Amino acid sequence: MSIINVIYTAALILCLPYLSIKLLTKKRYRAGITQRLGWVERRKGSSPCVWIHCASVGEVIEIKTLVKYLEKGFNTWDIVLSVNTNTGFCVAEKYFPEKRVFYFPLDLSWIVDKVLHAIHPECMIFIELELWPNVLIAAAERNIPIVLLNARISEKSVKWFRMINKISKKFSEGLTKKENVFCARTGTDAARLMNLGISQTQIRITGNMKFDNIVTEVSEDTKTRLIQQFGIGKQDKVIVCGSTHKGEESILLRIFQRMRKKFKTLRLILVPRHIERADEIITLIKSMELSYIKKTTLDKGNKADRHVYETVILIDTVGELSAIYSIADCVFVGKSLVPEGGQNVLEPAGLAKPVIVGPYTFNFHEEVQLLKKADALRIVQDETSLLNAMEYILEHPDDARKVGERAQSVVISQKGATDRNWKVLKKILLKERATSV
């Protein structure tokens, strides 16, 4: 057994009690468990294949345009997609209904070997920082080129991978294999990749694909449909809190209660990051003596009762966040009031919405800094400052509009990374096609 497998096995044994509880109590931890253990249906036919791996929803959205390019440029190839999360799986099936979608295998060598044998890809594309040691080793042994697109890597990750380099020669060789290509988002990311021993000739700085798939306009028909479905009046002020995390909803509900005294026609739309937390949030809403209505209930044609200004709209569907942002007067992007690293600030920014985030946005550092530099984002530290920021935005619509316009300009100015990545990827796939003929 390799040293990497030994480390993984030891970690699994140590975490077994915790994982057992999660598997028993949380549906999302059970999702795709058989596929994660390697039981993936064997790919039919003999067509060459590109395997694209996305961690979750954000990465799935990033590759929409890239997949279209692949379909057009290599229309005889199979394209399969893997994900880590159940929300990512749902969104991948929605955006790519004709593609094979499955859960990424656990990074144990015997499981990885089983899945690679079933899929048999000519090339593997990973988005952002999905570098898995046994997958890299197995791909290198099979001469499968790895392409890392939108590559981002933190100093902490550099230290982790350098440690693996020291204890596993096979990992080091797999990572630095000359056929692999790394398309970095920034010069800083490129420098960190070189710090892992990757040759400069294998690295390109191509920008951030996230900007390319950010919607900058939602149709009036879509906005009208949502406004009518949610029962929003012309005089109403709408706050949308997107991708909220455990510990944030209670804060947002308290703020909502306080703001209702000043804004008599205030509406609150909560969009939790994990929709399986809906029941937990409903219990919280009830405990604060507020009403609620779920998006799935509204989809069935039901409506909120006459007390609409006491009713929180709870979104328990996936893939609709961007459209819902389009009807907001004020947006808060969650997972940022708690130390979890934040969520995608670019979706509301692309729609020219005034955006507020908490202090914890380290997973989206580049995007936050770009918006901050353009004075197109409000960063708050706590519940009181969030309340003040929301009130200011609703009381000063002209200022809010200018902030939103600056945010949208930032998004538009950063587009183009997908085209640059496609040029790199196309050369690799053409070479693979020539080799396989």
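The values are calculated or read from the model by the stated rules, or taken from the named source; none is laboratory data. Given the structure is predicted, the values throughout are model-derived calculations rather than measurements. Every residue, glycine among them, receives a Cβ derived from its backbone with ideal geometry; neighbour counts consider all protein chains shown. To get the accessible areas, we keep the full protein, side chains included, count just its heavy atoms, and leave off ligands, DNA and RNA. Shrake-Rupley method; radii C 1.70, N 1.55, O 1.52, S 1.80 Å.
Listing for the model above:
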| quantity | calculated |
| --- | --- |
| Crossing angle, helix 383-395 versus the chain [Cα axis fit, 0-90 degrees, rounded to tens] | 70 |
| Largest-first principal axis extents of the Cα set of segment 318-437 (Å) | 65, 30, 30 |
| Kirkwood hydrodynamic radius of segment 181-226, from inverse mean 1/r over distinct Cα pairs, in Å | 13.0 |
| Column: log10 I(q)/I(0), Debye, Cα scatterers of segment 154-258, q = 0.19, 0.20 Å⁻¹ | -1.00, -1.07 |
| Accessible carbon and sulfur surface of segment 116-272 relative to its total accessible area, %, 1.4 Å | 50 |
| Using alpha-carbon coordinates, inclination of helix 86-95 to the longest axis of the chain, degrees | 90 |
| R254 accessible area, 1.4 Å probe, all protein chains in place, Å² to nearest 10 | 90 |
| Compactness of segment 353-394 as Cα Rg over 2.2 N^0.38 Å, two decimals | 1.13 |
| Under 18 Å from K22, Cα to Cα: aspartates and glutamates that are on another chain or at least 8 residues apart | E276, D279, E280 |
| Semi-axis lengths (Å, descending) of the ellipsoid that matches the C-alpha gyration tensor of segment 1-108 | 29, 17, 12 |
| Estimated dipole of segment 196-273 in Debye, rounded to 20 [Cβ of Lys and Arg +1, of Asp and Glu -1, Cα centre] | 620 |
| Only Lys, Arg (+1) and Asp, Glu (-1) charged, at Cβ; segment 124-210 dipole about Cα centre in debye | 200 |
| Reachable lysines, given that their alpha-carbon falls under 16 Å from the alpha-carbon of K373 and they are not under 8 places away in the same chain | K402 |
| Overall Cα dimensions of segment 391-437, principal axis frame, Å, largest first | 65, 16, 8 |
| Which of K294, K72 is most accessible, then next, and so on - probe 1.4 Å | K72, K294 |
| In Å, descending, principal axis extents of the Cα set of segment 220-379 | 43, 35, 32 |
| Average accessible area per residue (Å²) across the chain - probe 1.4 Å, nucleic acids and ligands excluded | 47 |
| Segment 51-167, Cα convex hull volume normalised per residue, Å³ | 108 |
| At q = 0.16 Å⁻¹, base-10 log of I(q)/I(0) for segment 212-287 (Debye sum, equal scatterers on each alpha carbon) | -0.74 |
| Per-selection metrics, segment 124-203 (Cα): Rg and Dmax in Å | 11.2, 31 |
| nm² value of the averaged projected area, convex hull over the Cα atoms of the chain | 21.6 |
| Sum of -39500 (n - 2.57) over DSSP H runs of 4+, divided by residues of the chain (222 nm, nearest 500) | -14500 deg cm²/dmol |
| Helix 109-119 axis, angle to the chain major axis (alpha carbon atoms, nearest 10°) | 90 |
| Partner lysines for K262 [C-alpha distance under 18 Å; skip if fewer than 8 residues away on the same chain] | K234, K237 |
| Dimensionless Rg over Rh [segment 326-388; C-alpha; Kirkwood] | 0.93 |
| Cα-Cα pairs of segment 184-310 separated by more than 19 Å (percent) | 63 |
